[in-house]
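The numbers here are math on the coordinates, done by the rules we state, and not lab data. The shown structure was predicted, so the numbers you read here are calculated from the model rather than taken from an experiment. Ideal geometry is used to build each Cβ from the backbone, glycine not excepted, and the neighbour counts take in all protein chains shown.
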Amino acid sequence: MSATAAMDRLDAACVASVLARVAESRPRVQCLTNTVAQNITANMLLAFGAIPSMAIHVDEVAAMAEGAGAILINIGTINAESELAIPKLLEVARDRGKPLVFDPVFVELSPLRRHVARQVLRLPNLVVRGNATEMAALAGDLDAADDVTRVTTGKVDRIEGRRGGFAIAHGHPLMTKVTGVGCAAGALIAACCAVEENPAIAAAAALTAYGIAGEIAAERSRGPGSFEPELIDAVAAMDEATLAERMR
């Protein structure tokens, strides 16, 4: 099956080019993320060729973000300190022109999450990655946002924005059975946004490579417990030949 089946088409050479730029420039991604996903997120970024930083203290996140290639905000385990840190990250993203990926985890379940999401969605040129339920909960705010790239992940990942649209049909059900695998996808998108100016292409490249790595890991694993290390290995070993074989 082709990796894309929508308005635009992404080939293996394009995906490989984005991955090569990540590996060459080794962008640092400042991650304010889900505490249960920090370890796998950091390991996936390292396997991808990027550098993770996980600063959460309100007095240092701005300094950490200023030198980063991209920023990730994931509200999966939001707390009082991270709520205060988020505006500081938004200010850096706006003033320094840093790519920012937002993961609105469980935004439909609490007023606090919706409030924080609305703050984030005031930032222009944002990438928002969520599942169908989360994206539906934010539909009105997303419609009002300025040049947002929507990444709706699921059996088929759909990317929609002014600069392109893609449908990525790669991945495996085991990717939903290990905590943090979905959250790590946002970090990989951020790493690609650090080296690719078109956020739709960046998201499509990240999710294509990640989905193919998931397929390979599933073939090699015995279940969820062995899937995670196999996924890290598959991400680290991804190359153009593998992409070309799987994207036919």
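Which one of THR208, THR153, THR176, THR149 is in contact with a Pro (Cβ under 7 Å, 6 or more places away or on another chain) and among the polar types (S, T, N, Q)?
After ruling out the rest, the residue left standing is THR149.
Being without any contact (Cβ under 8 Å) to a residue 60 or more places away in the chain and not acidic (Asp, Glu) is the filter here, so list the residues in the range 183-199 that pass it.
ALA185, ASN198
For the range 160-170, name all the residues that are free of Cβ contacts under 8 Å to residues at least 60 places away in the same chain and either within 18 Å of VAL105 (Cα to Cα) or in a loop (DSSP other than H, G, I, E, B) (or both).
Matches in the range 160-170: ARG162, ARG163.
Listed here are the residues, each with its yes/no results for (1) over 14 Å from GLY186 (Cβ atoms); (2) assigned to a helix (DSSP H, G or I); (3) basic (Lys, Arg).
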site	(1), (2), (3)
LYS88	yes, yes, yes
VAL116	yes, yes, no
PRO124	yes, no, no
GLU134	no, yes, no
LEU142	yes, yes, no
VAL151	no, no, no
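Quick check on this structure: which one of VAL101, VAL92 is crowded, with 21+ Cβ neighbours inside 10 Å, β-branched (Val, Ile, Thr) and in contact with a Cys (Cβ under 8 Å, 6 or more places away or on another chain)?
Being crowded, with 21+ Cβ neighbours inside 10 Å, β-branched (Val, Ile, Thr) and in contact with a Cys (Cβ under 8 Å, 6 or more places away or on another chain) holds for just one of VAL101, VAL92, which is VAL101.
Residues checked against (1) closer than 19 Å to CYS192 by Cα; (2) free of Cβ contacts under 8 Å to residues at least 60 places away in the same chain; (3) touching a strand residue (DSSP E or B) at 6+ places or on another chain (Cβ under 9 Å):
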position: GLN30; (1), (2), (3): yes, yes, yes
position: THR33; (1), (2), (3): yes, no, yes
position: HIS57; (1), (2), (3): no, yes, no
position: VAL61; (1), (2), (3): no, yes, yes
position: GLY76; (1), (2), (3): no, no, yes
position: GLU81; (1), (2), (3): no, yes, no
position: LEU84; (1), (2), (3): no, yes, no
